[in-house]
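Colleague: Structure below; questions to follow.
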Amino acid sequence: MAVSMGLLCLITMANVLVRYFTDISFAFTEEVSIFLMVVMTLVGASHAFVKGHHIAITYFVDRAPRLRHAARRLATVCSLAMFGLLAVLGTRMAWDDYRFEVTTPSLGVPQWWYSAWLPAIAALIVVRLLLQLRRDR
Amino acid sequence: MDWILFGIFVVLMFSGVPLAVAMGLAGTAVVAASGLGMLSLPTNVYTGIAKYPLMAIPVFVIAGLIFERAGVAATIVRFASAVVGQRQGGLAMVAILVAMILGGISGSGPADSAAVGAVMLPSMVKAGYPKEFTAGVIAAAGSTDILIPPSIAFVVYSLLVPQASVPALFAAGMVPGILSGVTLMFVAWWLSTRHGFEQPTDEPRPPFWKSLKEAGWGLAAPVIILGGMRSGYFTPTEAAVVAVFYGFFVGMVVYRSLTWRNVYDVLVESAEIASVILTVVALASVFAWASNTLGTFDHLAKAMLGAGLPEIAMLVSIQVLLLIAGMFLDAISIYFIFLPLLIPIAIHFQWDLVWFGVVITMNMALGQFHPPLGVNLMVTCRMAGVSMESTIPWVLWMVAAMAGTMFLVTFVPELALWLPRQLGYL
């Protein structure tokens, strides 16, 4: 995660410097940095699920101690459903990109190099949420 | 169908399911029920965050953290106390001033409150301020952060409302942001003199020029960020990256307070903070796509306009609605939930969308330190070790001051629009 964040900064900085000094902008860096940002977001999201950092309104649930445990289970199950769906459907999306040989607009590399990461990390999130569900029991 | 979307979302949201997931599942349910094609789901999630302007969010978060770790805040505190001087309420005013200056570097309220709290809380408590008052002042001061550019909230607003460009919003937030800060300083000073906080000590006032020289490195950051954008050298994202490298340079070379270990921690921490925001953005795009395809918000907006409220009444009721929402949610989530509904209304009344963005962002700022759930206040109360309820007698004054400024900007739009017009952004 730190690596993708650091790379993201370096690439964008390089872009600014090069454009400033040479009038050439290498726009393809945008593609790479955006991809890094997507990966960083998903990996970060998986950490945030474990640590309970995601933004949620727990105000009402905290006022009803009897419901709290059930609410936490509900939250985990809902997140599981969401990312489970993303993992399955994302695989289909990446598979389509692979089958139809879709290439990216500025670098021209196969699109599935990028899109395959979404289901992969979604699957990782699913695993972590399952572990959490077991621990909470 | 509209009801499925909202019903699921509201029920899940209030039962404590992460907001991002609640929005994503509600959108998914609608997509599934109306046969819109399930493959739109991963596509929307991916394209929802794969946007270049969004890169400004993680990078501004790093910028704020790196300046905090570099120890810039302490030098700015010395400079601010040289400006304000030793007087009753002096330190409270210093805290607000420092929060405003740091607000020109980072773009998120809770981070700013934490940075200022770490530096100012101990010295304010030592000088005889009650902890409750101190927590309230710092939380309120931190909220000016999302108004004073650069502001992450404005970046997201501009993404959702392309008619309002990021530079125009940044410029428009400047005057209202400073105005709120000054109003808060006045309130803090007035409360302190009335209750006799901060007994005079014989600590010498830091020499003005020396402290300016030390703080200069930190004070230059907002100038670089805003100046660079104004002169057209960089986009907001690039300005943020330049700020990161500048902060890195200051911390490593000038103050020598940063280690590689700190830098690594900053990267990890900012990635975590940014990914929480971006997860909302990603899954909210499923919600947004579903509701757009159904036209849900157009129906709702029509219904609201059909009620035939006059313009002022509509504006005030929007502000009250957002104020309540702001107590529970952060600015970015609120934009994703409410803007699709509010923008058609704003367009109907021909409100200026830049001004509208500033007004609702002020509303968000207010919500950030309004008990019982202001995020900034949560942060500062935790640091001070007091309960949020105990801050109410102090915070309500500041809420009133901020609300006053907000209504001023509401009814005198030029306060927001003058600067961007001067700079040629409108």
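Colleague: So is B:Met327 surrounded by fewer than 20 Cβ atoms within 10 Å (Cβ to Cβ), within 14 Å of another protein chain (Cβ to nearest Cβ) and not in a loop (DSSP other than H, G, I, E, B) or not?
Modeller: Against the criterion (surrounded by fewer than 20 Cβ atoms within 10 Å (Cβ to Cβ), within 14 Å of another protein chain (Cβ to nearest Cβ) and not in a loop (DSSP other than H, G, I, E, B)), B:Met327 qualifies.
Colleague: Can you list the helices (runs of 4 or more DSSP H) found entirely within segment B:225-321 that contain at least 2 residues being within 14 Å of chain A (Cβ to nearest Cβ) and within 18 Å of B:Phe154 (Cα to Cα)?
Modeller: B:236-249, B:260-294
Colleague: Now for a separate question. Can you tell me which condition B:Arg78 does not meet? The list is (1) crowded, with 17+ Cβ neighbours inside 10 Å; (2) closer than 20 Å to B:Thr279 by Cα, and all the others hold.
Modeller: Failed condition: (2).
Yes/no per residue for (1) among the aliphatic types (A, V, I, L, M); (2) closer than 23 Å to B:Ile62 by Cα; (3) modelled with pLDDT of 90 or more; (4) within 17 Å of the chain's Cα centre (by Cα):
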| site | (1), (2), (3), (4) |
| --- | --- |
| B:Leu97 | yes, yes, no, yes |
| B:Ile105 | yes, yes, no, yes |
| B:Pro110 | no, yes, no, yes |
| B:Gly117 | no, yes, no, yes |
| B:Ser123 | no, no, no, no |
| B:Val156 | yes, yes, no, yes |
| B:Gly196 | no, no, no, no |
| B:Thr201 | no, no, no, no |
| B:Pro207 | no, no, no, no |
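Colleague: Mind checking whether some residue in segment A:122-137 is more than 12 Å from chain B (Cβ to nearest Cβ), acidic (Asp, Glu) and in contact with a His (Cβ under 9 Å, 6 or more places away or on another chain)?
Modeller: Yes, because at least one residue in segment A:122-137 is more than 12 Å from chain B (Cβ to nearest Cβ), acidic (Asp, Glu) and in contact with a His (Cβ under 9 Å, 6 or more places away or on another chain).
Colleague: Another one. Of everything in segment A:67-78, what is over 22 Å from the mean Cα position of the chain (by Cα) and within 7 Å of another protein chain (Cβ to nearest Cβ)? Give them in sequence order.
Modeller: A:Ala71
Colleague: Report yes if some residue within segment B:193-216 is more than 9 Å from every other protein chain (Cβ to nearest Cβ), touching a Leu at 6+ places or on another chain (Cβ under 9 Å), surrounded by 16 or more Cβ atoms within 10 Å (Cβ to Cβ) and under 30 Å from B:Pro393 (Cβ atoms); otherwise report no.
Modeller: Within segment B:193-216 (the criterion being more than 9 Å from every other protein chain (Cβ to nearest Cβ), touching a Leu at 6+ places or on another chain (Cβ under 9 Å), surrounded by 16 or more Cβ atoms within 10 Å (Cβ to Cβ) and under 30 Å from B:Pro393 (Cβ atoms)), the answer is yes, since at least one residue qualifies.
Colleague: Sticking with this one: I'd like the full set of residues that are surrounded by 13 or more Cβ atoms within 10 Å (Cβ to Cβ), of a type outside the set (Phe, Trp, Tyr) and more than 9 Å from chain B (Cβ to nearest Cβ), limited to segment A:89-101.
Modeller: Across segment A:89-101, the qualifying residue is only A:Asp97.
Colleague: Another question, if that's okay. When you go through (1) out of contact with any Phe, Trp or Tyr (no Cβ under 8 Å at 6 or more places or on another chain); (2) surrounded by 20 or more Cβ atoms within 10 Å (Cβ to Cβ); (3) facing chain B (nearest Cβ under 8 Å) one by one for A:Leu118, which number turns out not to apply?
Modeller: (1)
Colleague: For segment B:112-133, which positions are over 23 Å from B:Glu389 (Cβ atoms), small (Gly, Ala, Ser) and surrounded by 24 or more Cβ atoms within 10 Å (Cβ to Cβ)?
Modeller: B:Ala115
Colleague: With (1) without any contact (Cβ under 8 Å) to a residue 12 or more places away in the chain; (2) surrounded by fewer than 17 Cβ atoms within 10 Å (Cβ to Cβ); (3) not polar (S, T, N, Q) as the list, and B:His348 as the residue in question, which single condition is left unmet?
Modeller: Condition not satisfied by B:His348: (1).
Colleague: Right, next: Go through (1) of a type in the set (A, V, I, L, M); (2) under 23 Å from B:Arg421 (Cβ atoms); (3) surrounded by 20 or more Cβ atoms within 10 Å (Cβ to Cβ) and name the single condition B:Ile178 misses.
Modeller: (3) is the only condition that B:Ile178 fails.
Colleague: Checking the condition away from chain A (no Cβ under 14 Å) and farther than 29 Å from B:Trp394 by Cα, which residue from B:Gly71, B:Gly89 passes?
Modeller: It is B:Gly71.
Colleague: Of the numbered conditions (1) modelled with pLDDT under 80; (2) surrounded by fewer than 18 Cβ atoms within 10 Å (Cβ to Cβ); (3) within 8 Å of chain B (Cβ to nearest Cβ), A:Ser33 fails exactly one; give the number of that condition.
Modeller: Unmet for A:Ser33, out of (1) modelled with pLDDT under 80; (2) surrounded by fewer than 18 Cβ atoms within 10 Å (Cβ to Cβ); (3) within 8 Å of chain B (Cβ to nearest Cβ): (2).
Colleague: Is it the case that some residue within segment B:230-239 is among the charged types (D, E, K, R), at pLDDT below 85 and touching a His at 6+ places or on another chain (Cβ under 9 Å)?
Modeller: Checked segment B:230-239: no residue is among the charged types (D, E, K, R), at pLDDT below 85 and touching a His at 6+ places or on another chain (Cβ under 9 Å).
Colleague: Here's something else I'd like to know. Within segment B:55-68, can you find the residues that are more than 10 Å from every other protein chain (Cβ to nearest Cβ) and not hydrophobic (A, V, I, L, M, F, W, C)?
Modeller: B:Gly64, B:Glu68 - these are the residues of segment B:55-68 that are more than 10 Å from every other protein chain (Cβ to nearest Cβ) and not hydrophobic (A, V, I, L, M, F, W, C).
Colleague: So which pairs qualify, if the first residue must be in segment B:399-417 and within 27 Å of B:Leu377 (Cβ to Cβ), the second must be not in a helix (DSSP H, G or I), the Cβ gap must be under 9 Å, and the two must be at least 6 apart or on different chains?
Modeller: B:Val399/B:Phe369; B:Val399/B:His370; B:Val399/B:Pro371; B:Met402/B:Phe369; B:Met402/B:His370; B:Ala416/B:Asp352
Colleague: Further, regarding this structure: Only one residue in A:Ala81, A:Ala64 is facing chain B (nearest Cβ under 9 Å), among the small types (Gly, Ala, Ser), at negative phi and free of Cβ contacts under 8 Å to residues at least 12 places away in the same chain. Which one?
Modeller: A:Ala81
The values are calculated or read from the model by the stated rules, or taken from the named source; none is laboratory data. Everything quoted here is computed from the prediction, not taken from an experiment. Here Cβ is always computed from backbone atoms with ideal geometry, including for glycine, and neighbour counts include all displayed protein chains.
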